[in-house]
């Protein structure tokens, strides 16, 4: 009789990925736990999260017209937010607005990939 093979963490996460709801609950639990920690611990976690996020980011270069650049620079000075963060916030807002279209596109692509296999 064959023994039941226990899945590694990687195999389990690949075979049974978390739902978005489960991810959100884990994040909420982590954030609540972090609020109970001393400032020193919170700062260390913020540093680690920042490094992790930066490691996962992709570099994008693009050009702006002089008036666009000047407007962005002024907006950055007025709000006290970096130019990068302003651009990132605009992109995130547009991604939220187009969430359904993006999901439909991904579903279509996944269906095509399944048919090709």
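Miscellaneous remarks
- Selection within region 11-59: residues that are part of a loop (DSSP other than H, G, I, E, B) and within 20 Å of residue 88 (Cβ to Cβ). The member of this set that is nearest to the chain's Cα centre (by Cα) is 57.
- Of the residues making up region 60-103, those that are surrounded by 11 or more Cβ atoms within 10 Å (Cβ to Cβ) and not in a helix (DSSP H, G or I) are 64, 81, 98.
- Flag if residue 106 is without any contact (Cβ under 8 Å) to a residue 24 or more places away in the chain and either part of a helix (DSSP H, G or I) or surrounded by 10 or more Cβ atoms within 10 Å (Cβ to Cβ) (or both): yes
- Flag: residue 7 does not match the condition of being assigned to a helix (DSSP H, G or I) and surrounded by 11 or more Cβ atoms within 10 Å (Cβ to Cβ).
The numbers here are math on the coordinates, done by the rules we state, and not lab data. Bear in mind the structure is a predicted one, so any value in this text is a computation, not a measurement. Because the Cβ atoms are built from the backbone with ideal geometry, glycine has one as well, and the counts that use them run over all protein chains shown.
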